[in-house]
1. Can you name the condition, by its number, that A:Ser487 falls short on among (1) over 23 Å from A:Leu305 (Cα atoms); (2) open to solvent by less than 50 Å² (accessible area, probe 1.4 Å); (3) small (Gly, Ala, Ser)?
2. Can you find a residue in region A:184-191 that is in a strand (DSSP E or B) and within 19 Å of the chain's Cα centre (by Cα)?
3. Return yes when B:Leu171 is more than 14 Å from the ligand (Cβ to nearest atom), facing chain A (nearest Cβ under 7 Å) and open to solvent by 30 Å² or more (accessible area, probe 1.4 Å) and no when it is not.
4. Residues that are aliphatic (A, V, I, L, M) and in a helix (DSSP H, G or I): does region B:121-130 have at least one?
5. Which numbered condition in (1) buried (at least 22 other Cβ atoms within 10 Å of the Cβ); (2) modelled with pLDDT of 80 or more; (3) within 16 Å of the ligand (Cβ to nearest atom) is the only one that A:Ala342 fails?
6. Just one of B:His140, B:His183 is open to solvent by less than 30 Å² (accessible area, probe 1.4 Å), more than 7 Å from chain A (Cβ to nearest Cβ) and within 16 Å of the ligand (Cβ to nearest atom); which is it?
7. Sort out which residues of region A:348-366 are within 12 Å of chain B (Cβ to nearest Cβ), open to solvent by less than 10 Å² (accessible area, probe 1.4 Å) and in a loop (DSSP other than H, G, I, E, B), and write them in order of number.
8. If you check A:Gly449, A:Gly471, which single one turns out to be open to solvent by less than 30 Å² (accessible area, probe 1.4 Å) and on the phi > 0 side of the Ramachandran plot?
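The values are calculated or read from the model by the stated rules, or taken from the named source; none is laboratory data. What you see is a predicted model, and the numbers here were worked out from it, not measured in a lab. Quick reminder, even Gly has a Cβ in these numbers, built from the backbone with ideal geometry, and neighbours come from all protein chains shown. Each accessible area value is taken on the protein alone, full model and side chains, heavy atoms only, with ligands, DNA and RNA left out. Shrake-Rupley method; radii C 1.70, N 1.55, O 1.52, S 1.80 Å.
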Amino acid sequence: MSTKRIVLLVAALGAALFIFGRPSRAADGNFPIYFEGAKLVVKAQTTNRTLYLPVIEIIEFMGLPYTDSLALETLTIRSGNSRLVVTKNSGLISINDQIVFLPSPILRENDHWLAPIDFLSRGLTRMTRTEFRYRPGTSRIFAGVVQVPELVMNAQSLGSITRLTIRCGVPVDLKLRRDEQNNRAILMVGRAVDPLRERLDHKDRLVRSISFDDSDGDPKILIDLTNQVADIKLNSTDGNRIFFVDLLRKGETITEAPVPAETPGASPKVDPTQAARRVRVIVIDPGHGGMDTGTKSPTVLEKDLTLSLARKLRTALQMRLGATVLLTRDSDIAMDNEARSAVANNNQANLFVSLHAGYSSNKLDSGSSVYMMKEDFGDGFATAAVSRDRLFLPWYLGYRLNQQASARAAKILQDELIKAISGSRFPIRTAPLAVLSSATMPSLLLEVGNLNNTVNASTLTDDGFQKRLVGAIADAIRIFSETEQRSAN
Amino acid sequence: MPRHIKIGLIVLVIGFGVSFGFFVDVIGRIQSMVNEREIEENPFTPPAQPLYEATDPPMSVKIFFPGGSDDALLTTEEQTIFKSADVTNRAKQVLQKLLEGPHSEKLYPSLPEGTKLQDLFVSEQGIAFIDFSNTIAVNHPGGVLNEMATIYSIVDSLGYNLPEIKQVKILIGGTEKETLAGHCLLLLPFQMDLSMTDVMPHEEKTAAFSGPPSAKP
Ligand SMILES: [Zn+2]
């Protein structure tokens, strides 16, 4: 009898899935479209996993005349001599009698024409020459020539204060407002921006959540506070491109907060090259981590090797320099490059070193190199002609401020490494490195060894070799610190 | 037939019917997902057109591969493509040569095994947008130098042979990626850089080229 029961159970389960397992419709949401000097907020809806926007609202806002034919179930949109025709439930649209395919059909629901988001770029752009830029996963569109800088947020607990750092590609005018009733701080951004992340995974004694919101067309950052926040301070630097929002805990005063002495808050104009003279804070970045193993040999993973080297280097530097040494990661976790350089930027590090292991197709190559950021990287991308093709310009090319100091550090590091490891070559190279591109202090990336060579790989994991390598790097950093101090005086 | 066996059989038949219906539905849904995916990935599946005509003259090109020299990251190898009228087709032929790998034993392939060219488009401003399959990242062995070799073999092979192409923007799996293997930033387009190769920039080609780049129809 138990077989019968199992059969019944399976049948019931099958029936239940059959009935309830249909794809469901996601929630509707507000969707701002930023035009030059104007914006429109529309209600978007997701149907069959495709984002749909109301057509009439958009074309009316753009001032395009149209004819809505109920009998033919078509909508004809005009612009100059061009004519665009869409048909209900069809993914084929006609632009001046040329057929264009959309990935999803046009819908007409409750007297509303709905078009998949691609309709803008594949349909309206071809007719009106207005470009629409949309990054999948976000809920905003930028139209036409509107220039949109990226906005990057990063939060950190620094003892009794929590610091939110906000960077923007162009100067902005952030306004802080405190909403006591909802226990929330609101930072009005005042212009269209493209947030790299909509929400920060940061929570501590002072902050419950930090998120970007422009669902009403007004871009702002919302900080949900706990009831332990006493005061909020907003400071800016780098010509209003970088902002620090410091949340102070109740019972603490600003002077007690462990804000680095050279916090560029008081004066908006701080010369970063001046501030970076003496090496007091060093950030070491063990490359890769988590799912991202980096390169590998049959026995060694780059992510493990870099972490082991970074920990040894931290100890060596603390002993020899008495400097503050921070690691971007001290466990096997994945991090994006932006977050790695943000650790250095937010802690006002004077030197940033990213550690990596190499791999060369040629087993006989040594693989080792000292890298600096490629000097002309980012050139020419700001010109109008090019930026039209580029959807999102980088928010910052921080490396440029310190290119010369980085070169001095690279030379010292090369000398020390060659001295310490006989027969080695550490050529100085430049590369468009993501992790260095936004670091605002002298910064280097050191890549050691060739994991395609098993002998080389086992040498790299040897404790004695690692100590020698780390000793040479620590020496180089000490010499760099001394020479920079001397040249500053 | 005893009553309880009859009931058992009926229940079995109903159970089978519902399960079959469920099975058909699942298959149908998977099918539609697959179809949708195909449409999403390439709504304009072009008919397989040859990259050049029988009448197109041969054109000698330099393809950049890693290895071969201690001083230069990339070394060129002389190869021949056909001078098709459309720069897109010439670019596709150059990348085809790169995907096939070097002839010389001293050189190494620069693209990971299994890499496919999914799409290529040259904008009016002369930016080549190249979409590679995910395998270019998944199968990449890693390392900064190796990543540079992959990127600049593409950028230099196109830029050196096709002066219409001023910049190269690499996409992976149809989308923008931050990096290829964790190091080199792909968010901005690349410009040709011959400093890490065994060739000198040729002035005559760049000088002879004036006026706007030929627009893609
Ligand atoms: Zn690496």
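1. So the condition that A:Ser487 fails would be (2).
2. There is no residue in region A:184-191 that is in a strand (DSSP E or B) and within 19 Å of the chain's Cα centre (by Cα).
3. no
4. Applying the first criterion (aliphatic (A, V, I, L, M)) to region B:121-130 yields B:122, B:127-128, B:130.
Subset that is in a helix (DSSP H, G or I): none.
No - not one qualifying residue is present in region B:121-130.
5. All conditions pass for A:Ala342, except number (3).
6. B:His140
7. Residue satisfying the conditions is A:Gly358 alone.
8. A:Gly449
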